[in-house]
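Engineer: This structure is in structure tokens; I'll ask about it shortly.
The values are calculated or read from the model by the stated rules, or taken from the named source; none is laboratory data. Please read these numbers as outputs of a predicted model, since none were measured by experiment. All Cβ positions, even for glycine, are placed from backbone atoms using ideal geometry, and neighbour counts span all protein chains on display.
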Amino acid sequence: MATGADVRDILELTGAENDGPISKKDLINSDKKKTKKATETLTFKRPEGMHREVYALLYSDKKDAPPLLPSDTTQGYRTVKAKLGCKKVRPWKWMPFTNPARRDGAIFHHWRRVAEEGKDYPFARFNKTVQVPVYSEQEYQMHLHDDGWTKAETDHLFDLCKRFDLRFIVVHDRYDHQQYRKRSVEDLKERYYNICGKLTKVRAASGTEPKIYVFDAGHERRRKEQLEKLFNRTPEQVAEEEYLIQELRKIETRKKEREKKTQDIQKLIKAADTTTELRRAEKRVSKKKLPQKREMEKPAVPETAGIKFPDCKSAGVALRSHRMKLPSSVGQKKIKAIEQILIEQGVDLNPMPTEEIVQMFNELRSDLVLLYELKQAHSNCEYEQQMLRHRYEALLKAGGGTGCASTPGGDAQAWPSADDIKVESKEQIIDVVGAPLTPNSGHISCSISSVLKTK
Amino acid sequence: SSGGMATNVGALVFDIGSYSVRAGYAGEDCPKADFPTVIGVTLDREDGSTPMETDGDKGKQSGTTYYIDTNQLRVPRESMEVMSPLKNGMKLMFEHYNIPAFFLCKSAVLSAFANGRSTGLVLDSGATHTTAIPVHDGYVLQQGIVKSPLAGDFMSMQCRELFQELNVEIIPPYMIASKDAVREGAPASWKKKEKLPQVTRSWHNYMCNCVIQDFQASVLQVSDSPYDEQVAAQMPTVHYELPNGYNCDFGAERLKIPEGLFDPSNAKGLSGNTMLGVGHVVTTSVGMCDIDIRPGLYGSVVVTGGNTLIQGFTDRLNRELSQKTPPSMRLKLIANNTTVERRFSAWIGGSILASLGTFQQMWISKQEYEEGGKQCVDRKCP
């Protein structure tokens with residue numbers, strides 16, 4: 001509820017006694033004799049410019065000192081208020097004016113401040129126009145003649161260009177297609193830029209090479225045709241395109257996976273080969289019992305095969321058995337496999353860690369892991385090969401049944417409703433030919449490829 | 001500075017439509033006067049001739065009075081005919097009224113300006129026509145304009161037929177002295193006013209039309225998807241009472257009638273099915289434009305006109321357009337939700353344009369008109 005003090009505050013009249021909020025005493029004891037104010041209430045003037053509601057929110061509860069450091073509030077809360085009524089009004093006058101942008105010099109009237117009498121109409125400077133070249137009759141006859149265009153039509157084109165500031169879409173819309181031929185937007189642009197180019201060349205001072213804007217009409221036409229086709233695609237076509245793109249992505253990812261797999265296998269094989277070579281080399285050396293230096297280079301054992309034991313160059317004292325510890329990167333299955341083989345062979349699972357034993361034990365375990373990986377890879381490839389062979393035989397039967405035989409490439413048309421599995425298996429067949437598998441299955445793949453080629 | 005952007009030379013803006021006229025001062029945000037585009041002319045009893053000229057002919061003292069504002073027009077008078085005024089030619093403006101300058105602008109361009117755009121497709125669905133007008137850079141592309149006669153008047157006609165089918169007579173309020181409450185669907189019970197003047201047929205029809213237009217505006221709704229009998233049957237009904245007391249719940253008819261705007265193939269009263277629905281009007285219009293500007297047009301589809309205020313119109317239009325355009329096309333419908341702005345958008349555009357400082361050079365002054373004649377309008381007005 002607005003009280004008298006509030007109203008005074010809103011109107012910003014210089015207030016009466018209290019600036020602070022009304023207390024209960026004042027209200028209730030208004031008819032009784034006014035009790036003397038016991039303490040002098042400290043009222044704090046709100047900072048000038050702060051809204052009174054804001055001030056009331058902050059400091060209305062008790063008449064405590066506002067927790068503000070005295071500061072200069074002239075910069076903080078000051079909202080720019082128009083100081084109305086301070087000065088005399090600047091006089092306005094109904095005066096006539098001419099607009100320099102107009103060609104007819106018409107005189108209009110409007111209200112303007114007396115102080116600005118005589119100044120130019122400020123909006124005239126926004127009157128910008130595009131520079132459209134103007135050619136003379138002579139120039140036209142000499143340089144701008146063209147079989148497809150009459151002078152009248154060229155004049156019409158230029159007139160429209162000037163009127164519409166080279167907005168060719170609008171020019172094309174307002175073009176007189178009945179009187180002249182039906183022209184496309186590219187035709188109009190072509191003619192216009194042609195003429196501009198020729199005129200700049202002709203008018204340029206001799207010796208200078210003027211820059212000419214070359215308009216490639218053919219390119220524009222092709223581009224628009226392409227856009228039209230794109231725009232007019234039916235939803236089925238759009239769906240088909242999306243479907244094809246998805247299929248392509250699937251094929252690509254599968255291809256990548258396969259490549260990765262083959263790479264892994266390759267590494268394994270290489271690791272296996274190099275380790276066997278190393279062994280043989282060592283055996284030869286040890287047989288000869290010659291303290292020969294190993295001059296041949298150690299073929300680098302690919303580190304992904306087997307186990308890499310961390311080379312601990314720890315400072316201070318360390319137990320040698322620490323070097324025998326399997327790194328945590330070795331998986332449970334591999335650990336199991338190692339254990340199993342060691343038990344089978346009757347080797348102690350935790351031998352005494354002398355220097356030689358540690359080294360050889362690590363090597364042994366590394367070899368065991370390598371062997372395990374190879375076995376796995378081998379069984380995988382075998383399984384894949386079996387599966388593919390079955391599929392292939394099934395496809396052959398189906399393909400032979402419908403009477404369409406030929407190379408896999410040609411079969412693309414034979415499966416119009418690109419059945420997922422069929423497509424995939426076809427791809428597999430193609431890839432099987434290319435990728436080298438384990439030595440054994442490579443043999444079989446060669447035979448398959450030869451079979452396919454002869455078909 | 002000269003007082004801000006608006007240099008008021010004091011311009012008047014007129015927007016004359018086939019249903020209503022909007023007029024007012026430039027610089028304001030809504031027209032001062034909005035009245036139906038009909039003139040009531042009382043005929044001279046004696047000679048019964050109908051003066052066709054507007055008040056250009058000062059010599060005539062025939063006592064013909066013209067009534068144009070809504071209140072005057074709705075008072076029943078004897079022999080008052082209703083007609084559409086002739087459009088004032090420039091000649092009248094300059095020579096009779098002696099104005100200093102004037103300018104004509106296409107309403108589609110102004111509607112686009114009122115919505116803050118200089119390029120876009122303006123769909124104007126008013127009383128007589130639904131038109132799609134492509135505007136590019138402030139100029140109308142005349143070769144892309146597509147017009148369809150399916151608009152407000154078509155809706156009114158369909159409503160009239162509905163009442164005929166229901167065997168309900170349309171009684172305008174001027175005839176009614178009193179009415180009784182009847183239950184839903186029951187025939188109306190009302191008493192006719194005594195001592196009514198003998199009104200003309202045209203005026204009576206006009207008043208009946210007003211009743212139907214009120215029904216049209218209150219009850220009709222466009223369904224979200226193409227009309228389906230079952231879906232329509234489940235829509236909530238709207239209760240409406242005619243001036244004579246007849247009241248009824250309207251259900252499926254609410255949706256069926258405006259469906260004709262979007263899908264004229266099943267609409268009654270259309271001979272042959274060559275009419276285009278609203279969605280097709282828009283896509284055809286855009287299709288006739290250069291392919292480079294099509295995304296610009298679809299990105300600003302401005303919806304104006306009183307007929308578009310039917311509930312559900314813009315939603316349905318949005319749906320139709322998004323189905324008909326390629327999925328990569330960005331579609332944006334601009335439709336003001338207030339009645340005032342959609343009906344008056346052309347007027348508001350004119351008000352904005354006339355108060356721009358940079359527009360003052362484009363007026364056609366009296367001098368120019370005297371020198372150039374009518375051709376100067378073709379040249380200066382886009």
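Engineer: Can you name the residue in segment B:236-278 that is in a loop (DSSP other than H, G, I, E, B) and touching a Gly at 6+ places or on another chain (Cβ under 6 Å) and is also surrounded by the most Cβ atoms within 10 Å (Cβ to Cβ) among such residues?
Structural biologist: Among those that are in a loop (DSSP other than H, G, I, E, B) and touching a Gly at 6+ places or on another chain (Cβ under 6 Å), it is B:Ala267.
Engineer: Can I ask one more? For segment A:197-243, how many residues are in a helix (DSSP H, G or I) and either surrounded by 11 or more Cβ atoms within 10 Å (Cβ to Cβ) or within 14 Å of another protein chain (Cβ to nearest Cβ) (or both)?
Structural biologist: Taking segment A:197-243 as the starting set, the residues that turn out to be in a helix (DSSP H, G or I) are A:197-203, A:217-231, A:235-243.
Next, only the ones that are either surrounded by 11 or more Cβ atoms within 10 Å (Cβ to Cβ) or within 14 Å of another protein chain (Cβ to nearest Cβ) (or both) stay: A:197-203, A:217, A:219-231, A:235-243.
The total comes to 30.
Engineer: Could you please find all residues in segment B:211-226 being free of Cβ contacts under 8 Å to residues at least 40 places away in the same chain and buried (at least 18 other Cβ atoms within 10 Å of the Cβ)? Working first, answer last.
Structural biologist: Going residue by residue through segment B:211-226, those that are free of Cβ contacts under 8 Å to residues at least 40 places away in the same chain are B:214, B:218-219, B:226.
If the condition is that a residue be free of Cβ contacts under 8 Å to residues at least 40 places away in the same chain and buried (at least 18 other Cβ atoms within 10 Å of the Cβ), then B:Val219 is the only one that fits.
Engineer: Looking at the structure I just gave you, is B:Ala127 part of a loop (DSSP other than H, G, I, E, B) and either modelled with pLDDT under 90 or closer than 30 Å to B:Asn266 by Cα (or both)? It would help to see each step written out before you state the result.
Structural biologist: On the way: part of a loop (DSSP other than H, G, I, E, B): yes; either modelled with pLDDT under 90 or closer than 30 Å to B:Asn266 by Cα (or both): yes.
It is true that B:Ala127 is part of a loop (DSSP other than H, G, I, E, B) and either modelled with pLDDT under 90 or closer than 30 Å to B:Asn266 by Cα (or both).
Engineer: Another question, if that's okay. What tally of residues in segment A:149-160 results from selecting those that are in contact with a Phe, Trp or Tyr (Cβ under 8 Å, 6 or more places away or on another chain) and within 14 Å of chain B (Cβ to nearest Cβ)?
Structural biologist: 2
Engineer: Tally up the residues in segment A:61-95 that are outside any loop (DSSP other than H, G, I, E, B) and either modelled with pLDDT under 60 or surrounded by 10 or more Cβ atoms within 10 Å (Cβ to Cβ) (or both), please.
Structural biologist: Of the residues in segment A:61-95, 3 are outside any loop (DSSP other than H, G, I, E, B) and either modelled with pLDDT under 60 or surrounded by 10 or more Cβ atoms within 10 Å (Cβ to Cβ) (or both).
Engineer: Failed condition for A:His110, given (1) free of Cβ contacts under 8 Å to residues at least 24 places away in the same chain; (2) in a loop (DSSP other than H, G, I, E, B); (3) under 30 Å from B:Ala11 (Cα atoms), with all others met?
Structural biologist: So A:His110 meets the others, but not (2).
Engineer: While we're here: Take B:Ser328 and tell me if it is surrounded by fewer than 16 Cβ atoms within 10 Å (Cβ to Cβ), among the small types (Gly, Ala, Ser), at negative phi and outside the structural domain of B:Ile176 (by the TED database). Spell out how you get there, then give the answer.
Structural biologist: Details: surrounded by fewer than 16 Cβ atoms within 10 Å (Cβ to Cβ): yes; among the small types (Gly, Ala, Ser): yes; at negative phi: yes; outside the structural domain of B:Ile176 (by the TED database): yes.
Spelling it out, B:Ser328 is indeed surrounded by fewer than 16 Cβ atoms within 10 Å (Cβ to Cβ), among the small types (Gly, Ala, Ser), at negative phi and outside the structural domain of B:Ile176 (by the TED database).
Engineer: In segment B:115-127, what residues are within 14 Å of chain A (Cβ to nearest Cβ) and surrounded by fewer than 18 Cβ atoms within 10 Å (Cβ to Cβ)?
Structural biologist: Selection gives B:Ser118, B:Thr119.
Engineer: Sticking with this one: Tell me which of these B:Thr338 doesn't satisfy, since it passes every other one: (1) without any contact (Cβ under 8 Å) to a residue 12 or more places away in the chain; (2) within 14 Å of chain A (Cβ to nearest Cβ); (3) out of contact with any Phe, Trp or Tyr (no Cβ under 7 Å at 6 or more places or on another chain).
Structural biologist: It is condition (2) that B:Thr338 fails.
Engineer: Given the conditions (1) part of a helix (DSSP H, G or I); (2) closer than 20 Å to B:Lys106 by Cα; (3) within 14 Å of another protein chain (Cβ to nearest Cβ), report the number of the one that B:Val281 does not fulfil.
Structural biologist: Unmet condition: (3).
Engineer: Among what's in segment A:390-411 and is exposed (fewer than 14 other Cβ atoms within 10 Å of the Cβ) and within 20 Å of A:Arg258 (Cβ to Cβ), pick the residue that is modelled with the highest pLDDT.
Structural biologist: If we take residues in segment A:390-411 being exposed (fewer than 14 other Cβ atoms within 10 Å of the Cβ) and within 20 Å of A:Arg258 (Cβ to Cβ), then A:His390 is modelled with the highest pLDDT.
Engineer: Which of the residues spanning segment B:180-212 are farther than 14 Å from B:Val38 by Cβ, of a type in the set (S, T, N, Q) and not in a loop (DSSP other than H, G, I, E, B)?
Structural biologist: None; the set is empty.
Engineer: Restricting attention to segment B:341-361, does a residue exist that is more than 13 Å from chain A (Cβ to nearest Cβ), at negative phi and in contact with a Pro (Cβ under 7 Å, 6 or more places away or on another chain)?
Structural biologist: If we filter segment B:341-361 for residues that are more than 13 Å from chain A (Cβ to nearest Cβ), which is where we start, we get B:341-353.
With the extra rule that they be at negative phi, the set shrinks to B:341-353.
Checking which are in contact with a Pro (Cβ under 7 Å, 6 or more places away or on another chain) leaves us with B:344, B:347.
Within segment B:341-361, one or more residues are more than 13 Å from chain A (Cβ to nearest Cβ), at negative phi and in contact with a Pro (Cβ under 7 Å, 6 or more places away or on another chain).
Engineer: Could you list, in sequence order, all residues of segment B:80-124 that are charged (D, E, K, R), more than 21 Å from the chain's Cα centre (by Cα) and at pLDDT below 80? Quick ask: steps written out before the conclusion?
Structural biologist: Within segment B:80-124, the first condition is being charged (D, E, K, R), and the residues that meet it are B:81, B:87, B:91, B:95, B:106, B:117, B:124.
Okay, now just the ones that are also more than 21 Å from the chain's Cα centre (by Cα), so B:81, B:91, B:95, B:117.
Matches in segment B:80-124: B:Glu81, B:Lys91, B:Glu95.
Engineer: Continuing with this model, one more query. Just checking, how many residues over segment A:314-348 are of a type in the set (A, V, I, L, M, F, W, C) and within 22 Å of A:Lys375 (Cα to Cα)? Give the derivation first.
Structural biologist: Here is the first cut: in segment A:314-348, the residues of a type in the set (A, V, I, L, M, F, W, C) are A:315, A:317-319, A:324, A:326, A:330, A:335, A:337-338, A:341-343, A:347.
When the remaining residues are screened for being within 22 Å of A:Lys375 (Cα to Cα), the result is A:326, A:330, A:335, A:337-338, A:341-343, A:347.
Residues that pass the stated criteria total 9.
Engineer: Quick check, is A:Tyr180 surrounded by 13 or more Cβ atoms within 10 Å (Cβ to Cβ), at pLDDT 85 or above and either within 11 Å of another protein chain (Cβ to nearest Cβ) or under 30 Å from B:Ile145 (Cβ atoms) (or both)? First the steps, then the outcome.
Structural biologist: Working: surrounded by 13 or more Cβ atoms within 10 Å (Cβ to Cβ): yes; at pLDDT 85 or above: yes; either within 11 Å of another protein chain (Cβ to nearest Cβ) or under 30 Å from B:Ile145 (Cβ atoms) (or both): yes.
Here the answer is yes, as A:Tyr180 does meet what is asked.
Engineer: Now for a different question. Hey, does segment B:364-378 have a residue that's away from chain A (no Cβ under 14 Å) and either assigned to a helix (DSSP H, G or I) or surrounded by 15 or more Cβ atoms within 10 Å (Cβ to Cβ) (or both)?
Structural biologist: Looking for residues that are away from chain A (no Cβ under 14 Å) and either assigned to a helix (DSSP H, G or I) or surrounded by 15 or more Cβ atoms within 10 Å (Cβ to Cβ) (or both), one finds none in segment B:364-378, hence no.
Engineer: Within segment B:128-184, how many residues are within 14 Å of chain A (Cβ to nearest Cβ) and surrounded by fewer than 20 Cβ atoms within 10 Å (Cβ to Cβ)?
Structural biologist: Counting residues in segment B:128-184 that are within 14 Å of chain A (Cβ to nearest Cβ) and surrounded by fewer than 20 Cβ atoms within 10 Å (Cβ to Cβ) gives 5.
Engineer: Now a separate question. Please count how many residues of segment B:214-236 are of a type in the set (Asp, Glu) and within 20 Å of B:Gly152 (Cα to Cα).
Structural biologist: In the first step, residues of segment B:214-236 are kept if they are of a type in the set (Asp, Glu); the result is B:214, B:224, B:228-229.
Remaining after also requiring within 20 Å of B:Gly152 (Cα to Cα): B:214, B:224.
Qualifying residue count, segment B:214-236: 2.
Engineer: Still on this structure: So, of the residues in segment A:90-148 that are of a type in the set (Gly, Ala, Ser), over 51 Å from the mean Cα position of the chain (by Cα) and within 14 Å of chain B (Cβ to nearest Cβ), which turns out to be nearest to A:Ile195 (Cα to Cα)?
Structural biologist: A:Gly105
Engineer: In segment B:284-320, what count of residues is obtained for those that are in a loop (DSSP other than H, G, I, E, B) and within 14 Å of chain A (Cβ to nearest Cβ)?
Structural biologist: 3
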